[in-house]
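The values are calculated or read from the model by the stated rules, or taken from the named source; none is laboratory data. Because the structure is predicted, anything quoted here is derived from the model rather than measured. Positions of Cβ are backbone-derived with ideal geometry, glycine not excepted, and every protein chain shown enters the neighbour counts. Quick note on the areas: whole protein, heavy atoms, side chains included, nothing else; ligands and nucleic acids left out. Shrake-Rupley method; radii C 1.70, N 1.55, O 1.52, S 1.80 Å.
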Amino acid sequence: LALNSVWVCACSWSPASSLCAAMCCLTEQRTQSALSAVAEFATVANQVNHEELRAASQQVALEGLSLCESYGRRCVRFLLEALQSASRGGAAAVNDVVWMLYKLARKSDQARAWVMQDNGLEVLLAALVVHPGEAELLADGVWLAYALDGLQGFAALLARCGGSSPGHVAIRGAVVWSIYELVQGCKDGGAQAAAERAASQPRPESAAMLALLVEAMRHESTAQDTQWTCCMALDILITGEPRFGTYFLDHSGAQMLIRMLRSGKDMNANGGEFRKALAYLIASLADCSLHVAERLRNEGALRALSEHGIACAGGDGKDVEGMMWAIGALGGLSAVMEVMEREGSSRPAVLRGGVLAICECTWHATDDREDLVRLPRALTMVLEVIRREEALSPHLRDLIKALGSVLACIAPHAPPGELSDVDVGVEYLLRRFQEHPSASLSSSADAGQDSSNERTADPLVAATEVTAEAIGRIALVAPLWRQALRHCGTLDGLRHWIRCGGAPRRLHKYLFWAAAAIGGLPFVTEELRLHMQLVAVVDAGLCTIIDILDDDIDGEYSLVGVERGAEMDMSLLFKLVVEAMRSHSGAPEVQARAGHCVGLLASLASDEVLGAIAPAAASSVLAGARRFPRRSDVAGGACAALRTLCSLRPRRPAVPPPGNGCAQAGADGWGALAALQAALKDEGAAECADQIMTAFSSRKVGRSNIDILEDAVAVLALLRGVEPVLQRLLDEYSGSPLRPAGLKALFEVGRSDIRLFAGAGVAAAAAEACARLVAEEAEEPGSRLHEVAALLSGLCMGAVANAHISAGR
């Protein structure tokens, strides 16, 4: 450590002349080599066998190391003395010394200890406090404190900077900004150096950073920019760990927030950003728990938001929207409506912000009878805002989304014709689809492109998306409205937009989803049949089929329960999905979603349909998987489809012939499944599953890749039997994700059909393989190998016991 400190100090000094620089260059390698020789000599001195030589060598090594340590200590003291002297000069000299100390502290633990022993933080503080206007110097000095003592270094600076002098205020700001960079994690290019400095130390405890931010906020003299930074950092911490909300309030957090709300009128031109950050922090606190929200209300935070926050907000209106959002999070629908009625007539930004808050509040209104009673009045307000500001396209999306949220809450309780504002709101949504699509889409620059962004760039397209979503949600939650929408030509309007040919892919998906919520699977089938040549229509249709048929989807866009149509419709749809895979063989997204659809439809199809379509479906699925071998979505869809096809059993069961996987030829449905098995064998389904296992069994895999591996192993077991799969898992390297995924897949297929383990010694071989894998793999956090191995072993022991009982009979 001492040698390292000496070398770092020698390399860190910025030479004052070209002669000195030349000397440093000439001696750099020689000096480094000499210090390495001293270190190596000290190491080998303890390893020699000759006692007299060892003792003499140790003495020489000790003398050399003592000299190096003494010089290293001298280097540190020299730098601290230089820092004291430089603090009386210009900022440039101070910055140079701070930089040298920082380099030294990062490279040497012993150097850090020497700096701390010589009151280095006190010297640093004295040098920084006289340069409050030097932002770069302050940032470097604060990071030096962090390099010396971690968060305790920050805490020491804050403890000594409790005054209102410019130096103390500036240092507090620099400390808070550094904490914000730590909280934020990765930085943009402008803060890359700070990110590298932060990365040199272990990531600190979030609770300790929260305490430091609270301490910095206590001072009323803290600058507005520093308060803004505190709010931003606290918001990130509290959103990530809601338990910190209670800690913040326990340390007078509510009083500090109210103080800052009341001081809004004294803020400068940039106060809008601060007020917005403050509002979002209050909203995040309210979302922590009901207890935290109640404490905030009891402390007067809601009253301060309604009176001081709204009164001081202005500018571009973003801070007003933030304040209204916080009022909604803290006080609910009634508080938002009260502010809108009081301030909305003279302040359009309050109305816009209120509408956004209403949109959020209505998601929770179904559990609150009082809010349900207020919803009609909220609907009236939303309609009034839309009438005022419909021409302001940047806000149109948010206004329509709020309208749809309120209508979806009221519609189950207000059938058509019962509440005039509900009828007006639905009519407004429908009118938007009566416009000619080409006029609304002419300005859209991303037509035909796929986009997963939360918001579409074109405001008219974004408004159309949320309009379709609103209509679909009303149809899903209110059966009477679904019938009314079906009979008033809504499907024709949606169909007209789908067929216009200029809609972006994302909009197509919203249109299909809304139409399916009203017309069910028959609508999707018809549009796919008519527009098979359009990849955007096909992609949207396949997504909607998944939303309807996949019972495992448990989200707000699930369409489980809508009309599915007759068996004939399902047969036609199955054929259309296979045709889509063949027609768009170069579109990976179509191959992925169509594979998913094949798995869903095959499990619902009749024996006759399977016999006619399933072999062609298997061929198309395998062709897509081979064409896009590295696409995880295509592999996932293919494996899901193949697993379903391999697991099929007849709808009208007859006595199956013996064998693993799909049955061989037999009566009724077994004949159809025999044709399917032949197709799977001829097309190389087992080989394809094996290739997918190889491609996706790297160490760095996510949840989706684990699912792919499980399905691929299941396919291989169903087609080739259990024993080849066991050997493949044993041949994998220790820690391979294929091992736990494979054991889980074997357990699941065995639980579904225990006959897979009925062969001679299969169950015993599986139990032995489980024992070997458990012995080879350490039980690490996050690994499920031991758990699934225990499940499979238990299944195998049960199979062995049943076999013995049967043999005894």
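Which of the residues that make up the stretch 601-614 are open to solvent by 30 Å² or more (accessible area, probe 1.4 Å) and either touching a helix residue (DSSP H, G or I) at 6+ places or on another chain (Cβ under 6 Å) or assigned to a loop (DSSP other than H, G, I, E, B) (or both)? Answer for the stretch 601-614, where residues must be open to solvent by 30 Å² or more (accessible area, probe 1.4 Å) and either touching a helix residue (DSSP H, G or I) at 6+ places or on another chain (Cβ under 6 Å) or assigned to a loop (DSSP other than H, G, I, E, B) (or both): Ser603, Leu604, Gly611. Residue selection: Leu573 satisfies the criterion of being within 30 Å of Ile474 (Cβ to Cβ) and either open to solvent by less than 30 Å² (accessible area, probe 1.4 Å) or at pLDDT 95 or above (or both).
If you check Thr544 against the conditions, is it assigned to a helix (DSSP H, G or I), hydroxyl-bearing (Ser, Thr, Tyr) and closer than 20 Å to Pro588 by Cα? Criteria met by Thr544.
Restricting to the stretch 229-256, give me the number of residues that are in a helix (DSSP H, G or I), closer than 16 Å to Ala283 by Cβ, touching an Asp or Glu at 6+ places or on another chain (Cβ under 9 Å) and open to solvent by 40 Å² or more (accessible area, probe 1.4 Å). Final tally of qualifying residues: 1. Applying the set (1) buried (at least 18 other Cβ atoms within 10 Å of the Cβ); (2) closer than 19 Å to Ala411 by Cβ to Met581 leaves exactly one unmet item: (2). Out of the residues in the stretch 456-489 that are assigned to a helix (DSSP H, G or I) and among the β-branched types (Val, Ile, Thr), which is surrounded by the fewest Cβ atoms within 10 Å (Cβ to Cβ)? Taking the candidates together, the pick is Val477. Of the helices (runs of 4 or more DSSP H) lying entirely inside the stretch 300-387, those carrying at least 2 residues that are among the basic types (Lys, Arg) and either open to solvent by 30 Å² or more (accessible area, probe 1.4 Å) or at pLDDT 80 or above (or both) are 318-343. Scanning the stretch 490-514 for residues that are open to solvent by 30 Å² or more (accessible area, probe 1.4 Å), part of a helix (DSSP H, G or I) and not charged (D, E, K, R) turns up His496, Tyr510. Does Val562 satisfy the criteria of being buried (at least 19 other Cβ atoms within 10 Å of the Cβ) and modelled with pLDDT under 90? Answer is yes for this residue.
A search for C-beta distances below 8 Å between a residue of the stretch 678-698 that is closer than 15 Å to Glu710 by Cα and any residue that is open to solvent by less than 50 Å² (accessible area, probe 1.4 Å) and outside any helix (DSSP H, G or I), counting only pairs 6+ apart in sequence or on different chains, returns Ser697/Glu732; Ser697/Ser736; Ser697/Pro737; Ser698/Pro737. The lone criterion from (1) surrounded by fewer than 23 Cβ atoms within 10 Å (Cβ to Cβ); (2) over 19 Å from Ala592 (Cα atoms) left unmet by Gly519 is number (1). Listed by position, the helices (runs of 4 or more DSSP H) enclosed by the stretch 114-187 that each have at least 2 residues that are of a type in the set (D, E, K, R) and open to solvent by 20 Å² or more (accessible area, probe 1.4 Å) are 135-159.
Within the stretch 45-68, the set of residues being open to solvent by 90 Å² or more (accessible area, probe 1.4 Å) and either part of a helix (DSSP H, G or I) or touching a strand residue (DSSP E or B) at 6+ places or on another chain (Cβ under 7 Å) (or both) comprises Glu51, Glu52, Leu53, Gln59, Leu62, Glu63, Leu67.
Scanning the stretch 573-623 for residues that are of a type in the set (Ser, Thr, Tyr) and farther than 19 Å from Glu526 by Cα yields Ser585, Ser603, Ser606, Ser619, Ser620.
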